[in-house]
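Each remark here refers to the structure printed beneath this line.
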Amino acid sequence: MDFDFIKELEYKALDSRLKRISDRMSHDVRKFYKEFGIDVEPNWYLVFMLLKKKGEISITDIAEPLGYSHPSVVVIVKKMSENGYLNIKKDSVDKRKQIISLSPKAIEMLPQLEKIWDSCEKAILKVLAEDLGIFTYLDHIDQQLKDESFHHRFKQEYLKSSKS
């Protein structure tokens, strides 16, 4: 592709550029899983790892550390459960709350998945040419947007320009 409009727009299309990179990576991971007959989605990785580390936790306890919305975690958990990777039970104290844990199928597959994820991490390091400086920038952006939402920043700029 000779003409790359998103790249040409530079910072004005930052969200689109990041999404395009993310989509390419997710597509290729999904293609890898399919090629090796693994019924896992790329966006399940973080849930697998969090549950491996924490054991049994609620949907809220998954959503918060990942920065995901509760509804998006519900969708992921539902799909993972339908594929046999999660156990879901009602909390003994609060019956409205669901407690999520890895199923025996997930625990059995973890060594294979961890080998795959390790290979993926090595490939990412090669793409980054072992330079992890990008994470300093991403941390800065993340913190800026936590301190003051993009919505608020964007709206303020718009209102300033409307007065002129």
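Some notes on this structure:
- Using alpha-carbon coordinates, inclination of helix 70-82 to the longest axis of the chain, degrees: 40
- Axis of helix 45-54 versus longest Cα principal axis of the chain: the two differ by about 60°, to the nearest ten degrees.
- Within the accessible area of the chain, the carbon and sulfur atoms contribute 57%, probe 1.4 Å, all protein chains present.
- Taken one residue at a time, the phi angles of the stretch 37-44 give Karplus couplings (6.51, -1.76, 1.60, θ = phi - 60°) of x, 9, 8, 10, 9, x, 6, 8 Hz. Gly and Pro are set to x.
- When +1 charges are put on Lys and Arg Cβ atoms and -1 charges on Asp and Glu Cβ atoms, the dipole computed for the stretch 48-164 relative to its Cα centre reaches about 540 debye.
- Residue-by-residue Karplus 3J(HN,Hα) for the stretch 30-35, coefficients 6.51, -1.76, 1.60, Hz, glycine and proline x: 4, 4, 4, 4, 4, 4
- The stretch 47-114, accessible area per residue, ligands and nucleic acids excluded (1.4 Å, Å²): 60
- Stokes-Einstein diffusion coefficient of the chain, Kirkwood radius over Cα pairs, 10 °C, 1.306 mPa s, in µm²/s: 84
- Packing-based ranking of 79-87, 27-35 yields 79-87, 27-35, ordered from highest to lowest mean Cβ neighbour count within 10 Å.
- Restraint check, 34/90; 54/97; 53/115; 52/105; 31/122, Cα-Cα greater than 21 Å: 34/90
- Within straight-line cross-link reach of residue 163, lysines at Cα separation under 16 Å, skipping those fewer than 8 residues along the same chain: 155
- Under-5 Å amide H pairs with residue 58, H placed in peptide plane, nonlocal only: 100
The values are calculated or read from the model by the stated rules, or taken from the named source; none is laboratory data. Just so we're clear, the structure is a prediction, and the values are computed from it rather than from any experiment. All Cβ positions, even for glycine, are placed from backbone atoms using ideal geometry, and neighbour counts span all protein chains on display. The area values use the complete protein model at the heavy-atom level, side chains included, leaving out ligands, DNA and RNA. Shrake-Rupley method; radii C 1.70, N 1.55, O 1.52, S 1.80 Å.
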